[in-house]
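The values are calculated or read from the model by the stated rules, or taken from the named source; none is laboratory data. Just so we're clear, the structure is a prediction, and the values are computed from it rather than from any experiment. Reconstructed Cβ throughout: ideal geometry from the backbone, glycine too, with neighbour counts over all protein chains shown. The protein model used for the area step is the full one, side chains on, heavy atoms only, and it has no ligands, DNA or RNA in it. Shrake-Rupley method; radii C 1.70, N 1.55, O 1.52, S 1.80 Å.
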Amino acid sequence: MEKRYYPISEYLKKTFSKKVYKITLDGGFYCPNRDGTISSGGCIFCDETGSYSRCNNLKTIKEQIIFSMDKLQKQFKAEAFMAYFQSFSNTYKPYSELEKIYKSVFFDERIVSISIGTRPDCVDDKKLDLISSLKHPWIEYGLQSSHDETLKLINRGHDFNCFKNAVIETKKRNIKVCAHIILGFPNENKAMMLDSAKRLAELDIDGIKIHMLTILRDSPLAKIYQKEPFYLMNMEQYCEIVCDILEILPKTTTIQRIAGTGFSETTLEPQWVNRRFEILNMIDKILLQRNSFQGKNYLKQAIH
Ligand code: SF4
């Protein structure tokens, strides 16, 4: 069934005229919000793996890429790849090291793009200039919420303004920006979640990843929840808000994730977040019932 939103797979196919597969890489990075530079506790929803497991035990980036390319080629006849640095803050090293790491992915012409996940307070002009010199670069910024009171509550260590400035500087250099947000923080109502979507629409972001707040067993949030459980949305409520957000975003924003691929062993609650296909089907169904689509309510106007 054709999607009523703009999946990243469609964008990649249009841009490169072939199906592009993401290769998740472990560049040996860590996070300033965990090592004591900003704080030592990290974001309250994050566990020791940086919310995502280290991808494998292979040593070099080249070895990781070759391993994944072979696998994807055998499984899907993959022809092109995007190198994706996912875990922790992948700009959190000195410039000279970053240059070596990023450039090392392009040893094979089938690597057509690079995507770097990081924090908005972990980039500067020099690092952005470096990233803009790479092949078809993307940066994924964790934001989680556009509300400063929420960012404080979850111990992000930066505010919305920091994110906004990073996005402006990044887009100035023709680097594509993907933002991550989380729905369902206990202090946020639906209007607040939609405000975050409106602010991202105003910034004309190129991609979005939407997550349901997930309580990982080894996160500080798990301790808070076990002591004092708070309300977590059910699957239907989550999907309804995702559809509202899709309606707010411009048609050009690529949808990079709206349903997770987590592991039930590490997830305390809600367990439904791991039912990826059911979530995707429900979102399709709601949009169909509403006779709606991405961008339906997109208005380029300030919300305050
Ligand atoms: S910035 Fe990322 S890696 Fe660091 S604590 Fe927050 S979620 Fe975890």
* For the chain, which longest stretch is free of loop sites, where a loop site is one of the trypsin sites (Lys or Arg not before Pro) that DSSP puts outside H, G, I, E and B and that has at most 11 other Cβ atoms within 10 Å? -> 78-299
* To do: Could you pull the Cα extents of region 86-127 along its three principal axes, largest to smallest, in whole Å?
  => 32, 20, 17
* To do: Would you list which aspartates and glutamates come within 16 Å of Lys22, measuring only between C-alpha atoms, while excluding same-chain residues fewer than 8 positions from it?
  => Glu10, Glu63, Asp70, Glu79, Asp108, Glu109, Glu140
* Run through the DSSP bridge list for the chain and note the antiparallel percent, rounded to the nearest 5. => 5
* State which stretch of the chain is the longest one without any exposed chymotrypsin sites (Phe, Trp or Tyr not before Pro), exposure meaning a DSSP loop state and at most 10 other Cβ atoms within 10 Å. => 1-230
* Asked: Rounded to the nearest 500 deg cm²/dmol, what is the calculated helix-only ellipticity per residue at 222 nm for the chain, with -39500 (n - 2.57) per DSSP H run of length n ≥ 4?
  -> -11000 deg cm²/dmol
* **Exposure rule at most 13 other beta-carbon atoms within 10 Å, DSSP loop GluC sites (Glu not before Pro): the chain longest free segment** => 110-264
* To do: Would you mind calculating the relative contact order of region 8-290 from Cα pairs under 8 angstrom and at least 6 residues apart, reporting the percent as a whole number?
  => 16
* Solvent-accessible area per residue, Å², over region 233-304 with all protein chains present [probe radius 1.4 Å] -> 51
* Asked: Do any of Lys77/Lys296; Lys59/Lys251; Lys103/Lys209 go past 31 Å between their Cα atoms, and which?
  -> Lys77/Lys296; Lys59/Lys251
* Structure fact -> region 96-226 accessible area per residue, 1.4 Å probe, protein heavy atoms, integer Å², reads 39
* How would Cys243, Cys162 rank on accessible area, largest to smallest, probe 1.4 Å? -> Cys162, Cys243
* How large is Rg/Rh for region 8-290, to two decimals, with Cα atoms and a Kirkwood Rh? -> 0.94
* Accessible area of the chain belonging to carbon and sulfur atoms, whole % at 1.4 Å probe -> 51
